[in-house]
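Undergrad: Mind having a look at this structure? Questions to follow.
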Amino acid sequence: MNRFVAAERALRSAAPHQLVDAVRAVLCNDYAAKSVQLFLADYGLATLRPVHPAASPSEAMPTHSSPAGRAFGSQEPFVDKLPDDQVCVYLPVSVRGDRLGVLAVTMSCAGQAEECLAELAEVAQVLGHEVIVADRDTDLYLRARRTDRLTLAAEMQWQLLPGRSCTRPEYALGAQLEPAYAIFGDNFDWSATADRLMLYITNGMGEGIEASLLTTLGINALRNARRAGLPIADQAALADQAVHAQYRGDAHLSVLLLDLDLRTGRLQVVDAGSPQMLRLRGRTVTSVDLEAQLPLGMFEETDYVAQEFAIEPGDRLVFASDGVHAVAAPGGERYGERALARAMVSTSLLPAADVPGAVLRELSGHRGTPVADDDALIACLDWFGPRQAP
């Protein structure tokens, strides 16, 4: 049997909590690997953490200054030379552009690694898909991603998220929340079909459990309307009714709803609150002028209207919650639109998946303290243009 087929079959038949054992057995037996370990990115995307019950914090590797981090950031295999002519091959573990972590495979020599590098990369991709499926049945991989205990509110918020990045020939999308382990009410959601991409950027009022409950209601109301096939203006109206029915105007949810036609680049937007939207075209950043409408849940039966824009291939759209543009430095200066525009230009060569983290690190420097007072959410959408017909 082809050894890659054997590896794929072993992963698909393994128990959810035994994926690492299964891939290790196949790679050691059929590829002559010396050792195999899976590392997953933590919630803050700061470290890559080993997946095994007895893992210690010292075994984690930084995502920005380590060989494993090079593979994770570039999404390309990286071969690191070890003593005694051995090498460690770091392979990105990703699913449709959502970067999960890195598979580390130690081999006896560089020639051996080079010979099977393409197959090892494919095995890592299969492993990524199996980890996503296994998350339904075991907490092993979720626990491995945590450097600290999540608050209950953060637990609820992370369970709502679709992922942190995705790619297709037409677009690339990335998003990140901070502080990762104590989220209040910010969130994002997306869904794609053959012809459309829908994206929500939300900012729920309040703190802790109350903010998470509000966001959970709003996101699920929007999903319910979206899955019924309704346009975004009607999605906003139905979610508005659901939030108002529960809170009677005492709580509301700010949301930016976007519907991108992947065949034409036409973008429909409903601005129901505070999240901002900026566009980078070439080296020029402009704030997209949106018609401000009421947040969801303020009044009963609010009508919403979608605006329409055209975006061009090569455009980058960045979305920020008020926890970004309203953050004040120790001297009182707000981060604001100008600083965000500078950050967009300085990160213009980064892929969309890396932009949110880079901007949030700069925001942390502006704030001057490691702990934020509010959620900060950044999402980045790169538009490459309609898929070319074969």
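The values are calculated or read from the model by the stated rules, or taken from the named source; none is laboratory data. Predicted model only: the values in this text are computed from it and were never measured. Virtual Cβ from ideal backbone geometry, glycine too; neighbours counted across all protein chains shown. Ligands, DNA and RNA are excluded from the accessible area calculation, which covers all protein heavy atoms including side chains. Shrake-Rupley method; radii C 1.70, N 1.55, O 1.52, S 1.80 Å.
Undergrad: Hey, how much of the P(r) for the range 185-307 falls beyond 21 Å, as a percent of Cα pairs?
TA: For the range 185-307, the fraction of Cα-Cα distances above 21 Å is 35 percent.
Undergrad: Can you give me the distance in nm between label points at ASP195 and LYS34, each placed 7 Å from the Cα along the Cα-to-Cβ direction?
TA: Between ASP195 and LYS34, the simple spin-label model gives 5.6 nm.
Undergrad: Also, I was wondering about something else. Quick one: if you stick a label point 7 Å off each Cα along the C-beta vector at SER58 and ARG146, how many nm between them?
TA: My value for the distance between the label points is 2.4 nm.
Undergrad: Express the relative contact order of the chain as a whole percentage, based on alpha carbon pairs under 8 Å and six or more residues apart in sequence.
TA: Once divided by the residue count of the chain, the mean separation gives 14 percent.
Undergrad: Find how many whole Å separate the alpha carbon centroid of the range 216-259 from the alpha carbon centroid of the range 314-346.
TA: 27 Å
Undergrad: So, one more: Just the projected area, averaged over all directions, of the convex hull on the alpha carbon atoms of the chain: how many nm²?
TA: 20.9 nm²
Undergrad: What list of ³J(HN,Hα) values in whole Hz, one per residue of the range 18-24 in order, does the Karplus curve 6.51 cos²θ - 1.76 cosθ + 1.60 (θ = phi - 60°) give from phi, with Gly and Pro shown as x?
TA: 10, 5, 5, 4, 5, 5, 5
Undergrad: Please list 109-116, 80-87, 265-272, 22-29 highest first by mean number of surrounding beta-carbon atoms within 10 Å per residue.
TA: Ranked by mean Cβ neighbours within 10 Å, highest first: 265-272, 22-29, 109-116, 80-87.
Undergrad: While we're here: Run the simple label-point estimate for ALA118 and ASP303 please: 7 Å along Cα→C-beta, distance reported in nm.
TA: 6.0 nm
Undergrad: Starting from the Kirkwood radius over alpha-carbon pairs of the range 250-319, derive D by Stokes-Einstein at 25 °C in a medium of 0.890 mPa s and give it in µm² s⁻¹.
TA: Stokes-Einstein gives a translational diffusion coefficient of 186 µm²/s.
Undergrad: Let me ask you something else. What are the extents of the Cα atoms of the range 1-111 along their three principal axes, in Å, largest first?
TA: Sorted largest first, the three principal extents are 40, 35, 30 Å.
Undergrad: Tabulate in residue order the Karplus-calculated ³J(HN,Hα) for the range 76-90, using 6.51 cos²θ - 1.76 cosθ + 1.60 with θ = phi - 60°, rounded to whole Hz; enter x for Gly and Pro.
TA: Values, residue by residue: 10, x, 10, 9, 10, 6, 10, x, 6, 6, 6, 9, 10, 9, 9 Hz.
Undergrad: Quick check on packing: order 216-224, 319-327, 197-205 by the mean number of other C-beta atoms within 10 Å, highest mean leading.
TA: 197-205, 319-327, 216-224
Undergrad: What value in Å³ per residue do you get for the convex hull of the alpha-carbon atoms in the range 281-390?
TA: About 155 Å³ per residue, rounded to a whole number.
Undergrad: Using each residue's phi in the range 163-175, evaluate 6.51 cos²θ - 1.76 cosθ + 1.60 at θ = phi - 60° and report the 3J(HN,Hα) Karplus result to the nearest Hz, with x for Gly and Pro.
TA: With coefficients 6.51, -1.76 and 1.60, one gets x, 10, 6, 7, 9, 8, x, 7, 7, 9, 9, x, 8 Hz.
Undergrad: Turning to a different aspect of this structure: Which one of ALA306, ALA339, VAL288 is farthest out on the positive end of the charge dipole of the range 261-353, using unit charges on Cβ (Lys, Arg +1; Asp, Glu -1) and the Cα centre as origin?
TA: About the Cα centre, the residue reaching furthest to the positive side is ALA339.
Undergrad: Accessible area per residue, 1.4 Å probe, Å², for the range 186-246: what's the number?
TA: Roughly 38 Å² per residue, with all protein chains present.
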